[in-house]
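So the structure is just underneath, and the comments pick up after that.
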Amino acid sequence: MNRFHLVWLNCSLTEPYTPIFEIIYTFEIFLIICFILLSPFACYAFWKAAPLHQNIRLLFSATVLHGFLGAAARLVLIYQQLADDNNTDASISRLTAASVAREICFGYMMILLCFLSSERAVATYAWAWYESQADSTLAVFVVELAVAEMYSLTTAFFAVYEIYSMNTHVMVFAVTLSLGALCFFKLLAHNRRELQRLKGRQDNLGYCISRSYQIRENLAVFKIFRHLAVPCCAMAVPAFVFFIAYWWIPAGAGWNTTRLVCIAFYDMWLAMYDMMLLVMFISSDDKFQKSLRVFRLFDRLFDLLQPSVIPRPETATREQESNVYFSLLSKDLKL
């Protein structure tokens with residue numbers, strides 16, 4: 001059975017251009033190692049970001065862990081590129097395993113918005129049960145994670161074992177991402193309308209406060225992803241251009257140097273993209289930063305970057321609530 005391995009280069013192709021590709025590899029490896037080292041701190045920050053719902057904190061942590069998986073797989077692929085020994089059974093097995101792992105990461109990132117939207121849909125329409133954060137609400141995360149993993153594994157195996165073409169693979173990803181974005185913005189608009197409607201409702205103050213709390217949590221989560229949307233899309237454009245240039249330029253068309261440099265920059269740009277995304281994820285909400293300030297290094301770093309690089313989240317006007325319990329919850333989840 002043919003296999004599509006995510007290794008584009010080898011020593012025989014890059015040796016005439018020494019040390020250009022070695023410099024690219026070195027920078028890429030540096031970014032990957034930084035990402036791997038920062039990942040546990042990011043998971044810690046997300047898990048400690050109470051009172052965000054435990055399922056959201058688990059979702060954020062699972063996202064980082066999938067990024068960790070993709071980064072570790074890329075290190076294996078770089079090793080295979082440098083070793084230039086891809087014909088033995090052991091090498092083929094490593095290449096296949098690493099390619100599948102990296103494709104799983106890509107697939108998870110494509111379905112992430114669908115994952116998030118379905119979780120927030122449950123929070124929106126079953127809020128009375130979901131807001132309690134009872135152990136039973138974990139079932140929502142388990143089921144949705146299982147679906148996301150099945151999708152990621154299926155697309156990964158279909159791509160690596162060439163069950164369908166690369167064009168079909170890209171189309172599946174595009175449809176999944178578009179569907180997730182549509183659900184995301186639909187839920188965002190719905191929650192905004194609900195919050196405005198509750199502001200004018202005075203007949204059941206306890207209900208209004210409780211419902212308002214869940215809507216504010218939804219909007220807080222949506223705000224985090226909106227904070228990431230524009231820079232993520234902007235940073236993804238160069239990677240797309242590099243890959244399309246490599247894919248569309250024929251191997252023997254006289255542009256071989258450009259073609260090889262494009263695919264090397266594609267992998268390096270993905271490493272830079274992952275690192276940028278993780279840093280922006282951590283800085284997207286002051287609760288994440290507060291969790292990391294227990295570490296002296298991050299405390300000093302946030303103090304250094306806060307005025308110029310990391311914008312502080314806007315402080316919302318807090319309504320005067322008579323119910324102290326729900327008032328404290330609402331204040332903590334300010335927008």
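The values are calculated or read from the model by the stated rules, or taken from the named source; none is laboratory data. From a predicted model like this one, the values you see are computed outputs, not experimental measurements. Counting neighbours? That spans all protein chains shown, and the Cβs are built from the backbone with ideal geometry, glycine included. Just so you know, the surface numbers come from the protein's heavy atoms only, side chains and all, with ligands and any DNA or RNA stripped out. Shrake-Rupley method; radii C 1.70, N 1.55, O 1.52, S 1.80 Å.
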Bin width 10 Å, origin at 0, all Cα-Cα pairs of the range 251-297: what percent of pairs per bin? 22, 28, 20, 15, 11, 4
Give me the net charge of Ile29's neighbourhood, meaning all other residues with Cβ under 14 Å from the Cβ of Ile29; Lys, Arg count +1, Asp, Glu -1. -3
Within-14-Å neighbourhood charge of Val142 [Cβ basis; K, R +1; D, E -1]: -4
Do you know the Lys pair count in the chain for C-alpha distances under 23 Å, with sequence separation 8 or more or different chains? 19
The chain - Rg and Dmax from Cα coordinates, angstrom: 22.6, 77
Determine how large the accessible area of Thr176 is when every protein chain is in place; take a 1.4 Å probe and give Å² rounded to the nearest 10. 20
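What per residue convex hull volume, in Å³, do the alpha-carbon atoms of the range 53-149 yield?
Numbers: hull volume 8.3 nm³, N = 97.
Each residue corresponds to 86 Å³ of Cα convex hull volume.
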Tilt, helix 20-47 to longest principal axis of the chain (alpha-carbon atoms), in degrees rounded to tens, equals 20
Taking a temperature of 37 °C and a viscosity of 0.692 mPa s, what whole-number D in µm²/s does Stokes-Einstein yield for the range 1-121 with Rh from Kirkwood over alpha carbon pairs? 201
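Per DSSP H run of n ≥ 4, the term is -39500 (n - 2.57); total these for the chain, divide by its residue number, and report the mean residue ellipticity at 222 nm rounded to 500 deg cm²/dmol. Show your work: numbers first, answer last.
Numbers: 12 runs with 258 residues, N = 335.
My calculation for the chain gives -27000 deg cm²/dmol from helical runs alone.
Hand me the trypsin sites (Lys or Arg not before Pro) from the range 1-72 located in a DSSP loop with no more than 13 other Cβ atoms within 10 Å, in residue order please. Can you show the working numbers first?
Values: sites: Arg3, Lys48, Arg57; in loops: Arg3, Lys48.
Passing sites in the range 1-72 are Arg3.
Where Lys and Arg each count +1 and Asp and Glu each count -1, what net charge lies around Arg57 among other residues with Cβ under 13 Å from its Cβ? Kindly include the intermediate steps, with their values, before the conclusion.
On the way: positive: Lys48, Lys287; negative: Glu119, Glu217, Asp285.
Every neighbour counted, the sum reads -1.
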Computed from the beta carbon distance with a Förster radius of 22 Å, FRET efficiency for Val175 and Leu138 to the nearest 0.05 stands at 0.15
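Run the dipole for the chain about the Cα centre, Lys and Arg Cβ at +1, Asp and Glu Cβ at -1, nothing else charged, and hand back the magnitude in debye, nearest 20. Can you show the working numbers first?
Numbers: 27 positive and 26 negative charges, 260 e Å.
Using Cβ point charges on Lys, Arg, Asp and Glu, the chain gives about 1240 debye.
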Taking Cα atoms, how many degrees apart are the long axis of helix 138-160 and the longest axis of the chain, rounded to 10 and kept between 0 and 90? 20
For helix 54-83, what angle does its Cα long axis make with the longest principal axis of the chain, in degrees from 0 to 90 and rounded to 10? 10
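Taking GluC sites (Glu not before Pro) that fall in a DSSP loop and have at most 14 other Cβ atoms within 10 Å as cut points, what is the longest piece of the chain between them? Mind dumping the intermediate values first?
Values: sites that count: Glu162, Glu314, Glu319.
Here the longest run is 1-161.
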